[in-house]
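Just so it is clear, none of the values below were taken in a lab; they were calculated from the coordinates. Here the structure is a predicted model, which is why all the values come from computation and not from measurement. Every residue, glycine among them, receives a Cβ derived from its backbone with ideal geometry; neighbour counts consider all protein chains shown.
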Amino acid sequence: MTDASLAGTPEPRATSSILTVDDRTRKRNAAEARFRAYGIAAIAVGLVFLVVLVSSILFKGAGAFQQSFITLNVDLQEAKLDKSGTRDIEAIKKVTTFGYNPLIDDALARAIADAGAENPFTKGKDLRKMISSGAAADIRDHVIAHPEQIGETVAFKLLASSRVDGYLKGRVTRDSLARDKNLTPAHLDLVDALQTAGLVTKSFNLDFITGADASESRPEQAGIGVSMLGSFYMMLVVLACALPIGVAASIYLEEFAPQNRFTDLIEVNIANLAAVPSIVFGILGLAVFIQFAHLPQSAPLVGGLVLTLMTLPTIIISTRASLKSVPPSIREAALGIGASNMQMVFHHVLPLAMPGILTGTIIGLAQALGETAPLLLIGMVGYIASNYPDGLIEGFMAPNSAMPAQIYEWAKRADPAYYERAWGGIIILLLFLMSMNIIAIILRRRFERRW
């Protein structure tokens, strides 16, 4: 072997086993571990914030589902309620709530005496501050419904005033009453005595869920039931208008429309409309439906039409995405066996895309359910939903409120009891939204098909 051949022979390279972790692999594994740790930390932080948010809502809103009551034995004196003694309903109705206030004053004074407490108030109107201002109207309605009880002593479970209710819930303290004209610490002493005697109790407040809104002077009587019905009617309008229009537009754009500049312009505008602030749709609804079409202000029909405009882009985008997810082989197979384009779409493509369409529709409805800004401009915030609609037509056309608008209205009122009810309304609204999302999941799995 010559020296030249030895010089041209390459030296052997150092080799290592694939099982040996080198520096480069070690750095890559460390980077992956850090990224995994960042992801876990982000999830943990998100869960912490979620727990804090839900706990805060439950803590601040749970009190709205309880209400304080004062049980009084009211003497329904015939001399004041039915002077003629004929039990004529029309004559009984002429007695206003002012005629029932002395009866409440006497019943409250007797209850305090029976509880062994000393009444420091000489005027009945001062003592009556512990009772809701709507108590006289409640007794009057009972007497009109049961005139045969006039002349008897009837036990009534009357709503306590908002300040008394706040005191029993820990929201109102004796120190905070120093600047309060509605109640004094002496009233709280009487409340303690009546509570010891078992005449002041707290119980589940069903009227908060089923009742109507009240004026600012009667927060203890306010409920969200009427506004829940208003939201229900609005969702019916959104479902009846947005679903067929959105699905039909999506099918045409995805399956039948030619690809040209006009359809490209439509698709761009639909994508842009999905990002438009919701209050813009409220301005549009105010101009078109109220000022131009002269539909009634604050009506659920108008609110539903405004929310339909806002929801349509979401439904169209989600429906088109569902149609695109159907494999082209389904279309080709249907056309190959002689189906027309219409049969191919409605008999094969649309059933397979139905889970995504239903999911997108319900998510769009849930988004519309929680919107407040469009409702501000059509007057739903300024209206006090104090009465249930009489029928189906009135449910759509009569002025009403909606849950988010009602919550907004309560949150801006001065009495702290309304602030508590605003949090309680948020709990009910969240339950509605959770229910709609659960329905979306169930429907998606129910109609889901494998191919």
Dipole of the chain, positive end: most advanced residue of Gly134, Pro120, Leu352 [Cβ charges, Cα centre]: Leu352
Nearby lysines by direct alpha-carbon distance to Lys60 (threshold 24 angstrom, same-chain neighbours under 8 apart not counted): Lys169, Lys202, Lys412
Cα long-axis angle, helix 23-61 against the chain (0 to 90 degrees, to the nearest 10): 20
Residues in region 123-167 reached by a label modelled at Asn73 [backbone nitrogen below 17 Å; 7 Å Cα→Cβ]: 150-158
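How do 144-157, 42-55, 104-117 rank on mean C-beta neighbours within 10 Å, highest first?
104-117, 144-157, 42-55
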Computed label-point distance, nm, for sites Ser386 and Ala275 using a 7 Å Cα→Cβ extension: 4.6
Extended-chain gain in nm, criterion 0.36 nm per residue less alpha-carbon gap, Leu236 and Lys60: 60.3 nm
Whole-Hz couplings from phi, Karplus 6.51/-1.76/1.60, listed for region 318-326; x for Gly and Pro: 5, 5, 5, 5, 5, 5, 5, 6, 6
Extension gain from Glu118 to Gln367, taking 0.36 nm per residue of separation minus the Cα-Cα distance: 84.1 nm
Two-site label geometry, Ser325 and Ile266: point separation in nm, points 7 Å out along Cα→Cβ: 2.3
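Rounded to the nearest 20 Debye, what is the dipole magnitude of the chain about its Cα centre when Lys and Arg each give +1 and Asp and Glu each give -1 at the C-beta?
1100
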FRET efficiency estimate (nearest 0.05) - Cβ-Cβ, Phe447 to Ala411, R0 51 angstrom: 0.85
Folded to 0 to 90 degrees: helix 185-196 orientation relative to the chain principal axis, Cα: 90
Amide H partners (placed H, <5 Å) of Gln66, local residues excluded: Asn205
Cα-based helix-to-principal-axis angle, 101-114 vs the chain, degrees rounded to 10: 90
Gain in span if fully extended, Asn182 to Ile89, counting 0.36 nm per residue against the direct Cα distance: 30.0 nm
For region 263-414, with +1 on Lys and Arg beta carbons and -1 on Asp and Glu, the positive-most of Gly285, Ser329, Leu376 along the dipole: Ser329
Charge dipole (debye, nearest 20) of region 67-204; +1 at Cβ of Lys and Arg, -1 at Cβ of Asp and Glu: 560
Rg and Dmax [Cα atoms of the chain; Å; Rg one decimal, Dmax integer]: 33.5, 143
Cα centre as origin, Lys/Arg/Asp/Glu Cβ charges: region 273-431 dipole, Debye: 420
